[in-house]
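I have placed the structure first, in the form of structure tokens, so that the comments after it can refer back to it.
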Amino acid sequence: DQQVKQNSPSLSVQEGRISILNCDYTNSMFDYFLWYKKYPAEGPTFLISISSIKDKNEDGRFTVFLNKSAKHLSLHIVPSQPGDSAVYFCAASVRAAGNKLTFGGGTRVLVKP
Amino acid sequence: NAGVTQTPKFRVLKTGQSMTLLCAQDMNHEYMYWYRQDPGMGLRLIHYSVGEGTTAKGEVPDGYNVSRLKKQNFLLGLESAAPSQTSVYFCASSYITSYNEQFFGPGTRLTVL
């Protein structure tokens, strides 16, 4: 049973518009959440993270929102750029458990010029 | 700094053959991890290590063994490969603190016929 789910396998958005990626989790012990970006034939690279004590974290064009009561987080990319076309994974961890990550299945984003 | 490197990049095995995947990191990270990525499944943790000489099982450890004889290296072994082990394998490393990102290697694409 997947503890972290990304229900949208793909997303297409026009350049300059907002991309919204969603992620749901079931394990209430998760207290740290991350987003990774992956290009083809490369390993994932860290994008942004959020602790469970916060509900929002921003880094430039990227903002992550956390709704603990709904066990839901989202990643907003504004404005979207063609270079943002990639697969995005959300991941969750329990801080006391050796920094092990549980990943969602990924969302493929295509930003059209 | 090379970061995290993986050897080999590609490999084709026949059922029953054995092989070892090598991961090396030059960031002096304490923690190292092996994941596999399958379509729609995200990345799943196979084994991990919190320090030289220590290893632990992850989510999908069956059919794999690991060793961490040196801090900078983490080896993943398949003793008798099966078609179900066809996947892309990623190694990652991180510092020991609980709020930290994992740095990933470029991956090894393994096909078992």
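Go through segment B:96-113 residue by residue and tally those that are within 14 Å of another protein chain (Cβ to nearest Cβ), more than 14 Å from B:Val4 (Cα to Cα) and either touching a residue at least 24 places away in the same chain (Cβ under 8 Å) or among the charged types (D, E, K, R) (or both). Counting residues in segment B:96-113 that are within 14 Å of another protein chain (Cβ to nearest Cβ), more than 14 Å from B:Val4 (Cα to Cα) and either touching a residue at least 24 places away in the same chain (Cβ under 8 Å) or among the charged types (D, E, K, R) (or both) gives 2.
Residues in segment A:23-32 that are modelled with pLDDT of 95 or more and part of a strand (DSSP E or B): A:Cys23, A:Asp24, A:Tyr25. Close Cβ contacts (under 9 Å, 6 or more residues apart or on different chains) running from residues in segment A:2-26 that are of a type outside the set (A, V, I, L, M) to residues that are outside any loop (DSSP other than H, G, I, E, B) and exposed (fewer than 13 other Cβ atoms within 10 Å of the Cβ) comprise A:Ser12/A:Lys112; A:Gln14/A:Lys112; A:Glu15/A:Pro82; A:Glu15/A:Lys112. Going through segment A:1-36 one residue at a time, which ones are touching a Leu at 6+ places or on another chain (Cβ under 8 Å), crowded, with 19+ Cβ neighbours inside 10 Å and not hydrophobic (A, V, I, L, M, F, W, C)? A:Gln6, A:Ser19, A:Tyr25, A:Tyr36 - these are the residues of segment A:1-36 that are touching a Leu at 6+ places or on another chain (Cβ under 8 Å), crowded, with 19+ Cβ neighbours inside 10 Å and not hydrophobic (A, V, I, L, M, F, W, C). Residues that are in a loop (DSSP other than H, G, I, E, B) and hydroxyl-bearing (Ser, Thr, Tyr) were ranked within segment B:8-59; the one that is farthest from the chain's Cα centre (by Cα) is B:Thr15.
Only one residue in A:Ile20, A:Ile53 is of a type in the set (A, V, I, L, M, F, W, C) and not in a strand (DSSP E or B). Which one? First the steps, then the outcome.
On the way: A:Ile20 fails: not in a strand (DSSP E or B).
Result: A:Ile53 is the single residue among A:Ile20, A:Ile53 that is of a type in the set (A, V, I, L, M, F, W, C) and not in a strand (DSSP E or B).
How many of the residues making up segment B:64-95 are among the charged types (D, E, K, R), away from chain A (no Cβ under 14 Å) and either outside any loop (DSSP other than H, G, I, E, B) or closer than 20 Å to B:Gly3 by Cα (or both)? The number of residues fulfilling the criteria is 2. None of B:Pro8, B:Pro61, B:Pro39 is within 11 Å of chain A (Cβ to nearest Cβ) and out of contact with any helix residue (DSSP H, G or I) (no Cβ under 8 Å at 6 or more places or on another chain) except B:Pro39. Taking the criterion of being in contact (Cβ under 8 Å) with a residue 60 or more places away in the chain, in contact with a strand residue (DSSP E or B) (Cβ under 7 Å, 6 or more places away or on another chain) and part of a strand (DSSP E or B), would at least one residue in segment A:39-47 satisfy it? Scanning segment A:39-47, I find no residue that is in contact (Cβ under 8 Å) with a residue 60 or more places away in the chain, in contact with a strand residue (DSSP E or B) (Cβ under 7 Å, 6 or more places away or on another chain) and part of a strand (DSSP E or B), so the answer is no.
The residues on offer are A:Ser69, A:Ser93, A:Ser74, and the sole one that is polar (S, T, N, Q) and crowded, with 19+ Cβ neighbours inside 10 Å is A:Ser93.
Hey, can you tell me all the residues within segment A:71-96 that are touching a strand residue (DSSP E or B) at 6+ places or on another chain (Cβ under 8 Å), assigned to a loop (DSSP other than H, G, I, E, B) and more than 13 Å from chain B (Cβ to nearest Cβ)? A:Lys71, A:Val78, A:Ser80, A:Gln81, A:Ser85, listed by residue number. Looking only at residues that are over 19 Å from A:Lys100 (Cβ atoms) and free of Cβ contacts under 8 Å to residues at least 40 places away in the same chain in segment B:68-78, which one is surrounded by the most Cβ atoms within 10 Å (Cβ to Cβ)? In this case the residue turns out to be B:Lys70. In this entry, B:Pro106 is excluded by the filter for residues that are at pLDDT 95 or above, assigned to a loop (DSSP other than H, G, I, E, B) and within 21 Å of A:Asp1 (Cα to Cα).
I need a count of the residues in segment A:97-109 that are at pLDDT 90 or above, surrounded by fewer than 16 Cβ atoms within 10 Å (Cβ to Cβ) and part of a loop (DSSP other than H, G, I, E, B).
The qualifying residues number 0.
The values are calculated or read from the model by the stated rules, or taken from the named source; none is laboratory data. This structure is a prediction, so every number in the text was calculated from the model and none was measured. Glycine also receives a Cβ, built like all others from the backbone with ideal geometry; neighbour counts cover every protein chain displayed.
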